[in-house]
Amino acid sequence: MQDLLKYTLRIADTSLILGQRLSEWCSKGPTLEEDIALSNISLDLFGQANGLLEYASKIDGSRTADDLAFKRNEREFYNLQICEQENGHFGDTMVRQFLCDTYFMLFYQELSKSEDETLAAIANKSIKEVSYHLRHSKNWLIRLGDGTDKSKEKVQKSIENIWKFTGEFFEMDDLDNLMYANKIGVNNIKLKDEWDIIVNQVLLEAKINRPKDSYMMTGSKKGLHTELLGKMLAEMQYLPRAYPDAKW
Amino acid sequence: MLPKHIQKNKNNKDKMTKDKSTVWEVFIQSKNGLAHKHFGNVHAEDKEMALQNARDLYTRRNEGSCIWVVKSEHIVSSVPEDETSFFDPSNDKVYRHPTFYKMPEGAKHI
């Protein structure tokens with residue numbers, strides 16, 4: 001059961017942390033319309049995280065979903081490191097979002113075939129949301145990349161900065177192998193071909209050069225993170241930790 | 001009557017061109033088979049963005065099954081000054097209303 005708990009937490013944390021990051025755009029979006037779009041996407045991610053954390057709580061048996069979100073420390077979070085990276089400017093956020101959305105789409109398509117009914121159901125529900133997110137981020141990437149000289153230069157830099165975090169999408173460790181062998185989890189390596197096809201196609205349309213694969217960051221599967229996660233959690237978890245009896 | 005800003009467009013062209021973003025009117029069909037209704041407007045740079053912004057702004061609570069977006073400048077509107085000549089003449093033409101027929105017994109919702 002500990003294995004399934006950890007596997008579920010990995011998926012949950014990735015949604016939760018990306019959702020929390022995106023929510024920082026709320027009230028700061030470039031336009032009113034985009035502000036709402038970003039908040040909507042953030043809320044979708046929180047919804048996915050909530051479903052997964054409720055499931056994790058059931059497997060765990062003692063902690064609630066809120067406990068899992070607000071009372072774990074940095075080293076107990078298993079989100080992909082790309083999710084905790086800062087929003088930067090709007091182009092940075094859209095590049096990060098596009099790379100993640102493409103991954104989510106492919107990941108949930110595979111997870112929907114899981115023999116674990118709860119994970120399969122959550123995956124099925126998420127596919128609909130994620131395909132809209134992908135449409136949104138893809139269009140922005142094309143608009144910015146194939147836009148003005150300045151916007152093109154900016155997003156080209158964005159993708160080069162974040163590229164080193166894309167290696168984690170396709171990692172497999174012992175737990176992943178075990179989950180895949182038990183027909184519960186996803187073979188992440190298998191996602192890469194399709195991910196490459198979509199990313200290359202959109203980058204071509206956006207007239208952005210694909211960065212070369214060089215050193216890739218790793219560690220989130222073991223709870224290792226960049227220094228950014230700690231600060232995020234300090235803010236996210238402040239209230240429930242300072243006032244443990246606070247109610248929603 | 002269409003929202004005021006559309007009516008203003010004609011006289012306010014300078015202001016519109018200074019504002020880089022285009023305004024689009026949003027029409028939403030709440031159910032298959034029903035007419036699209038005017039919901040409001042959004043700012044957007046292109047068609048796809050207009051559609052997505054409309055979706056994000058106006059269908060968050062399951063309001064629709066189809067969205068139309070139309071550039072506001074493409075809508076031709078009568079102006080308040082036209083009101084008398086456009087609409088008043090139909091006031092005294094009662095024969096245009098089907099009020100001289102006898103209602104069949106049992107007919108409802110007419």
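Taking the criterion of being within 30 Å of A:SER42 (Cβ to Cβ), surrounded by 13 or more Cβ atoms within 10 Å (Cβ to Cβ), more than 14 Å from chain A (Cβ to nearest Cβ) and touching a helix residue (DSSP H, G or I) at 6+ places or on another chain (Cβ under 6 Å), would at least one residue in segment B:47-69 satisfy it?
No, every residue in segment B:47-69 fails to be within 30 Å of A:SER42 (Cβ to Cβ), surrounded by 13 or more Cβ atoms within 10 Å (Cβ to Cβ), more than 14 Å from chain A (Cβ to nearest Cβ) and touching a helix residue (DSSP H, G or I) at 6+ places or on another chain (Cβ under 6 Å).
Within segment A:200-248, restricting attention to residues that are open to solvent by less than 30 Å² (accessible area, probe 1.4 Å) and touching a Leu at 6+ places or on another chain (Cβ under 7 Å), which residue is nearest to A:SER151 (Cα to Cα)?
Only one residue fits best here, namely A:ALA206.
Could you check segment B:31-46 and list, in sequence order, the residues that are open to solvent by less than 90 Å² (accessible area, probe 1.4 Å) and within 12 Å of chain A (Cβ to nearest Cβ)?
The answer is B:GLY40, B:ASN41, B:VAL42, B:HIS43, B:ALA44, B:ASP46.
Of all residues in segment A:126-150 being within 11 Å of chain B (Cβ to nearest Cβ) and basic (Lys, Arg), which is farthest from B:ASP56 (Cα to Cα)?
A:ARG143
Can you tell me which of (1) open to solvent by 20 Å² or more (accessible area, probe 1.4 Å); (2) within 14 Å of chain B (Cβ to nearest Cβ); (3) in a helix (DSSP H, G or I) is the one A:LYS58 doesn't meet?
Answer for A:LYS58: the failing condition is (2).
Inside segment B:75-101, can you point out the residues that are part of a loop (DSSP other than H, G, I, E, B) and open to solvent by 90 Å² or more (accessible area, probe 1.4 Å)?
Quick first cut of segment B:75-101, residues part of a loop (DSSP other than H, G, I, E, B) only: B:75-79, B:91-93, B:97-101.
Of everything in segment B:75-101, those that are part of a loop (DSSP other than H, G, I, E, B) and open to solvent by 90 Å² or more (accessible area, probe 1.4 Å) turn out to be B:VAL76, B:ASN91, B:ASP92, B:HIS97, B:PRO98, B:THR99, B:PHE100, B:TYR101.
Could you give every pair whose Cβ atoms fall below 7 Å, whose first residue belongs to segment A:153-164 and is within 15 Å of A:LEU204 (Cα to Cα), and whose second residue is among the polar types (S, T, N, Q), counting only separations of at least 6 or pairs across chains?
Every condition considered, the pairs that remain are A:GLN156/A:ASN209.
Do we find a residue being touching a Leu at 6+ places or on another chain (Cβ under 8 Å) and within 14 Å of chain B (Cβ to nearest Cβ) anywhere in segment A:74-87?
no
Against the conditions (1) among the hydrophobic types (A, V, I, L, M, F, W, C); (2) surrounded by fewer than 18 Cβ atoms within 10 Å (Cβ to Cβ); (3) under 18 Å from A:VAL202 (Cα atoms), where does A:ALA121 fall short? Just the number, please.
Answer for A:ALA121: the failing condition is (3).
I need the full set of residues from segment B:46-57 which are under 15 Å from A:ALA37 (Cα atoms) and in contact with a strand residue (DSSP E or B) (Cβ under 9 Å, 6 or more places away or on another chain), in order please.
Taking segment B:46-57 first, the residues under 15 Å from A:ALA37 (Cα atoms) are B:48-57.
Answer for segment B:46-57, where residues must be under 15 Å from A:ALA37 (Cα atoms) and in contact with a strand residue (DSSP E or B) (Cβ under 9 Å, 6 or more places away or on another chain): B:MET49, B:ALA50, B:LEU51, B:GLN52, B:ASN53, B:ALA54, B:ARG55, B:ASP56, B:LEU57.
Would segment A:4-15 turn up any residue that is closer than 28 Å to A:ILE142 by Cβ, of a type outside the set (A, V, I, L, M) and more than 14 Å from every other protein chain (Cβ to nearest Cβ)? Full working, then the answer.
Filtering segment A:4-15 down to residues closer than 28 Å to A:ILE142 by Cβ leaves A:14-15.
Now drop any that are not of a type outside the set (A, V, I, L, M), which leaves A:14-15.
Applying the additional criterion that residues be more than 14 Å from every other protein chain (Cβ to nearest Cβ) yields A:14-15.
Looking for residues that are closer than 28 Å to A:ILE142 by Cβ, of a type outside the set (A, V, I, L, M) and more than 14 Å from every other protein chain (Cβ to nearest Cβ), one finds at least one in segment A:4-15, hence yes.
Any residue in segment B:16-30 that is in a helix (DSSP H, G or I) sitting within a Cβ distance under 8 Å of a residue that is modelled with pLDDT under 90? List the pairs, counting only those 6 or more apart or interchain.
Note: pairs meeting the criteria are B:MET16/B:ASN9.
Contact list please: Cβ distance under 7 Å, first residue in segment A:1-25 and closer than 20 Å to A:GLU86 by Cα and part of a helix (DSSP H, G or I), second residue open to solvent by less than 10 Å² (accessible area, probe 1.4 Å) and charged (D, E, K, R), pairs at least six apart or on different chains.
Between residues of segment A:1-25 that are closer than 20 Å to A:GLU86 by Cα and part of a helix (DSSP H, G or I) and residues that are open to solvent by less than 10 Å² (accessible area, probe 1.4 Å) and charged (D, E, K, R), the close pairs are A:ILE17/A:GLU84; A:ARG21/A:GLU84.
The values are calculated or read from the model by the stated rules, or taken from the named source; none is laboratory data. The structure presented is a predicted model; accordingly, all values stated were derived computationally and were not measured. Please note: Cβ atoms are built from the backbone with ideal geometry, for glycine as well, and neighbour counts cover all protein chains shown. With ligands, DNA and RNA removed, areas are computed over all heavy atoms of the protein, side chains included. Shrake-Rupley method; radii C 1.70, N 1.55, O 1.52, S 1.80 Å.
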